[in-house]
1. For every other residue with a beta carbon closer than 13 angstrom to the beta carbon of D52, add +1 if it is Lys or Arg and -1 if Asp or Glu, then tell me the sum.
2. What does the charge count near S127 come to, summing +1 for each Lys or Arg and -1 for each Asp or Glu among other residues with Cβ under 12 Å from its Cβ?
3. Once the convex hull of the alpha carbons of the stretch 28-128 is built, what does its volume come to per residue, in cubic angstrom?
4. What is the sum of charges, Lys and Arg at +1 and Asp and Glu at -1, for the other residues whose Cβ falls under 11 Å from the Cβ of A63?
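Each reported figure results from applying straightforward, stated rules to the coordinates on display, with no laboratory input. What you see is a predicted model, and the numbers here were worked out from it, not measured in a lab. Note: ideal-geometry Cβ built from the backbone for every residue, glycine included; neighbour counts use all protein chains shown.
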Amino acid sequence: MMSSTKASETLQRSKKSAVSVTPAVSIDEATAAAAMANENRDIIAVLRALGDDVRLGIVRKLAREKHKLRSEEIVACSSVAIHSQPCMSYHFAKLVGAGVVLEEKQGTEKVYTLHTTYLRDLGIDVSKL
């Protein structure tokens, strides 16, 4: 059996011999990694927003029309017409929050457009949705 002094010396020697190596990362690499992480978060948010049938129907309607539409015009679309106003507000908010759709207030109404530039930058072709 090893004495406590000997055990302590052995432990200290093993700590001294253990060398931790930290890889050098340049600021450019760190910035690129952070940008990639942000882009991944953006893509995930967009895909989650598009992963719902109602929201996908809204996006498809906006992609077909290619101009600003009032929420009533979008809701009149047969694939989303069966949902209540609060339900539709929830879906519009999800699309706006993910950056898929741009919202603009005109008087008491809201109009929506597809954020095609943003989607294209993420690699999403709205004509294929």
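1. Working: positive: R48, R55, R60, K94; negative: D53.
With Lys, Arg at +1 and Asp, Glu at -1, the net is +3.
2. On the way: positive: R60, R64, K66, R120, K128; negative: D125.
The answer is +4.
3. Values: hull volume 10.6 nm³, N = 101.
Taking only Cα atoms, the stretch 28-128 has a hull volume of 105 Å³ per residue.
4. Every neighbour counted, the sum reads +3.
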